[in-house]
Amino acid sequence: MPVIRRLPETLVNRIAAGEVVERPSSALKELLENAIDAGAARIAVSLGEGGLSRIEVTDDGCGMEPEDMALALERHATSKLPDEAIEQVRTLGFRGEALPSIASVARLTLESRTRTAQQGWKRVVDHGVVTEEGPAALPPGTRVRVEHLFGKVPARRKFLRTARSEYAACLDIVRRLALARPDIGFTFEHDGRRVLAVQGGEGLAARVAQIVARELGDNGVAIDLERGDMRLTGVAGLPTYNRGVADHQYLFVNGRPVKDRLLTGAVRGAYADMLARDRHAVLALFLDIAPEEVDVNVHPAKTEVRFRDAAAVRGFIVSGLREALSTGDRRSAQTPAADAMGRWQVEPSQPPFAPAEPSPALRSMFTGRDWSRPSTGLREASQTWRSFEAEVMAAPAGRAEQAEDAPTDAEAFPLGIARGQVANTYIVAEAADGLVIVDQHAAHERLVLERLRAGGAEEKVAASQALLIPEVVELDEPACDRLEEQAAHLAGLGLSIERFGPGAMLVRAMPAAIKGGDPHKLLQDLADDIALHGASLLLGEKLDLVLATMACHGSVRAGRSLSVAEMNALLREMESTPRSGQCNHGRPTWVKLSMADVEKLFGRH
């Protein structure tokens, strides 16, 4: 008969370390959270070899007395829970496991000094054994150094990645916590090289621009919304400003960086009809909610949370994002890409152009003219400019002859006045501050989709089509439980289902728009979607796709010649329609070339 025995303290700590400290970035996260909770105004981070050989975090927080330092290195000892009300936790860390867990699998040097103490104190723990203790010279605050992580645990050490990969993970941790607290200054060094330096107190918008992307300020909208006890702030990128991966989505709950499936699903739902499925929004969102409405104790690393009313939180985020985007989403890509602009210009290394021999009738016009490259060093426009030969001039695809009722004041309209059509696809308009080029099909596709929604097309698309014979779909019991909980919501989207025994669902009606679909495949996908995101997004996205398809087929196609009145009517409707800055797939519907850019093309500046 096996004998039950107590595990040694060192082994208990190593087991705990397996939950809390997976890699250098996990240890760094715990140390940074401790520094923030200590009230630090400045935090300095220094790494060696991506954190594999050294992690050092220095702060100017409240510091600790020697007896508190000894307690901090014991398991489940913390100053962050004044009583037993764990549901009221307002700090980043509170479990009391981080320092002893790290100290059990590395050499940890803890130095600290309070503001009233004459000197600091140092305590060194090498893989669970105290090896040194005594006075230390340092300013008020705390300095923690972790060396040789998993040095005596080779089974864990061999599963670590390369120094470059570990460094990238640590940098992501610093960025997320720096975003969470714009009032704190952060510096980050790796192998002696300064990687990041931000000053505290610069404000959320400035911190987001520094950490996420500087272009987000010109391609994003500010968010500040409240509903009951919930508040949503941050910056959301326009749909036209997107990425191929979701690593530029920063989500926070009560100042805690999280990677939560419910929140990422809400973001995806908010951008559902504005982004292609393989593109991802760029944003930084901060959700503030009453502590008792969210459980932050569901994951050892505290990267996941659980909401008491998940549906309300998701609905608030989706509606809040859509409302914020509707205030700025008429914007599009404001300046052409640098590589696109470069195609308009000749590189200085290219030889100066030589004009073709002009026709005899025009030869006298160019006699004695200097065709050498200007000495200013500016790049010339085009590569072979031969405008003096009438036979090589292509006729415009569309010409905007002035209509009797056409507007004449470009300053009165943000998208300007139509001046012509190129390749029967692009409308060229003159605005007060530049040239606007509009993709007529992409723009009209968005306008038609918004008209369909305004006219109640969503309700028509979501109408139910009763099945002649209800179909039984067999699934596992947990999947049936998930679908049964969402039955009322799915009924609103046109899918009527009910429980038919422990492991089956009865499908009585399908959405009319997808009435020819496979009920079994649909319910299986919906069950998986609910398990992943906590709510069904898939069916709504399918119906959005139907609307988008209808809009695409009902819009002005590329290759169609438009009259001047039609062009200007399209521009005016774009100026008054939400989300007209991007098509249904997240691509820009219009771009602007400023007059300064035009003048640069001709060497005027």
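The values are calculated or read from the model by the stated rules, or taken from the named source; none is laboratory data. From a predicted model like this one, the values you see are computed outputs, not experimental measurements. Note: ideal-geometry Cβ built from the backbone for every residue, glycine included; neighbour counts use all protein chains shown.
Miscellaneous remarks
Yes or no, residue by residue, for (1) hydrophobic (A, V, I, L, M, F, W, C); (2) outside the structural domain of Ala38 (by TED's automatic domain parsing):
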| residue | (1), (2) |
| --- | --- |
| Phe159 | yes, no |
| Thr162 | no, no |
| Ala168 | yes, no |
| Ile184 | yes, no |
| Ala206 | yes, yes |
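To keep it simple, each residue is scored yes or no on (1) at pLDDT below 85; (2) within 30 Å of Val436 (Cα to Cα); (3) over 23 Å from the mean Cα position of the chain (by Cα); (4) in a helix (DSSP H, G or I).
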| site | (1), (2), (3), (4) |
| --- | --- |
| Cys552 | yes, yes, yes, yes |
| Ser555 | yes, yes, yes, no |
| Glu566 | no, yes, yes, yes |
| Ala569 | no, yes, yes, yes |
| Ser580 | yes, yes, no, no |
| Arg604 | yes, yes, yes, no |
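- Val245, sole failed condition from (1) modelled with pLDDT of 85 or more; (2) of a type outside the set (Phe, Trp, Tyr); (3) out of contact with any helix residue (DSSP H, G or I) (no Cβ under 9 Å at 6 or more places or on another chain): (1)
- So Gly315, is it farther than 22 Å from Leu179 by Cβ and at pLDDT 80 or above: yes
- Restricting the stretch 238-284 to residues that are of a type in the set (Gly, Ala, Ser) and part of a strand (DSSP E or B), the residue that is farthest from Leu92 (Cα to Cα): Ala281
- Residue match in the stretch 82-89 (condition: more than 17 Å from Arg156 (Cα to Cα), at pLDDT 90 or above and not assigned by TED's automatic domain parsing to the domain that holds Ala290): no
- Asn424 passes every criterion in (1) polar (S, T, N, Q); (2) at pLDDT 85 or above; (3) closer than 30 Å to Leu570 by Cβ apart from (2).
- Considering the conditions (1) exposed (fewer than 13 other Cβ atoms within 10 Å of the Cβ); (2) at pLDDT 75 or above, Met574 is excluded by exactly one of them, (1).
- Residue tally, condition charged (D, E, K, R) and part of a strand (DSSP E or B), over the stretch 192-208: 2
- The stretch 35-63, subset surrounded by fewer than 24 Cβ atoms within 10 Å (Cβ to Cβ) and farther than 20 Å from Val195 by Cβ, residue farthest from the chain's Cα centre (by Cα): Cys62
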